[in-house]
Amino acid sequence: MLVLGGYFIGCIYTLPDVPGPYISKYHLHFFHLYVWLTVVWFISLTRSNPGVITKENVKVYSKHYAFDNQIYFPKYCTTCKIDRPARSKHCNVCGKCVARFDHHCAWVNTDIGRNNLWKFLVFLWNTGFVCGYCGWICYQVLWGFLHSRGLEDFIYEDNYGVSHQLSFSVIMPFVIYHRGPTAALCMFTSIMSFVLYIFLLYHLYLIKNNTTTQETFRWGDLTHNIKKRDYLKKRNRSRNNSKYPKPISKSQRKKENEMMESLRHLPKLEDLDNIYNNGFISNLKEVFSVAME
């Protein structure tokens, strides 16, 4: 909706000034073409199968990844009535188990998983590009508007005879007054393009490590719990070796012992290993090879 809203605003307020002094007529055709290609890709993404796991295909998905016994253990999904494969998760929004679950995306109203992650990455690239392209067209139109009014290189003299060029603080209110929708569209699409490409870079970073958005939280929780256990061990040793230990209540000591017991099975921090990471190129092939299946 944001893309289409910006598109219609551009058609009404910006594209009538194309071609202009700094932009050719060909961008009219390119703009329409690329916007609708992005919309078609968006619809394709919303209707794609993220890798929904059913009783019929659970054995196929179970062959893709092994349990690492760190953040993934054999688990039965009581909702879907299946043995959940490694790296899968039950989405409470969609009510389905998804292979290599990354996240539920509210913007496209679907889960992002093993089968459509590559489509999601292309969507981010396309949408970021079309927003940046729209921002560039708006900028060229606004610059052409200033050129037509003779304000591009307007020089004036102050009361002391010193020459000055019009400042941004003077030009900007003038532009907003006469070309407000185009100026707003230029700023909005430029910011959106930047945000989308930051999000794309974040997902490329995840691919480099062959992890998912969901798994980053699991690794974070695991690391936190290991550090908490090690801290409690260190504090107990310090307390036992001290001549004047700090008094602690029985309930507090019992609580700490129970916590340490519940975290005792966790591995050492230096032994943590992401078994799914095979290097950036192999990880990237893993994501995009699904498109060839």
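Okay, here's what the table says:
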{"item": "VAL35 vs. criteria open to solvent by less than 40 Å² (accessible area, probe 1.4 Å) and either at pLDDT 95 or above or of a type in the set (A, V, I, L, M) (or both)", "result": "yes"}
{"item": "The stretch 47-70 - residue that is open to solvent by 90 Å² or more (accessible area, probe 1.4 Å) and not polar (S, T, N, Q) and, of those, farthest from VAL290 (Cα to Cα)", "result": "LYS55"}
{"item": "Complete set of residues in the stretch 172-211 that are among the hydroxyl-bearing types (Ser, Thr, Tyr) and not in a helix (DSSP H, G or I)", "result": "THR211"}
{"item": "Boolean, CYS11 is farther than 30 Å from LEU272 by Cα, at pLDDT below 95 and not in a helix (DSSP H, G or I)", "result": "no"}
{"item": "Residue under evaluation TYR13, criteria (1) over 17 Å from TYR133 (Cα atoms); (2) open to solvent by 80 Å² or more (accessible area, probe 1.4 Å); (3) touching a residue at least 24 places away in the same chain (Cβ under 8 Å), criterion not met", "result": "(1)"}
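The values are calculated or read from the model by the stated rules, or taken from the named source; none is laboratory data. The model shown is predicted, which means the values in this text are computed figures rather than measured ones. Cβ atoms come from the backbone with ideal geometry, glycine included; neighbour counts cover every protein chain shown. Quick note on the areas: whole protein, heavy atoms, side chains included, nothing else; ligands and nucleic acids left out. Shrake-Rupley method; radii C 1.70, N 1.55, O 1.52, S 1.80 Å.
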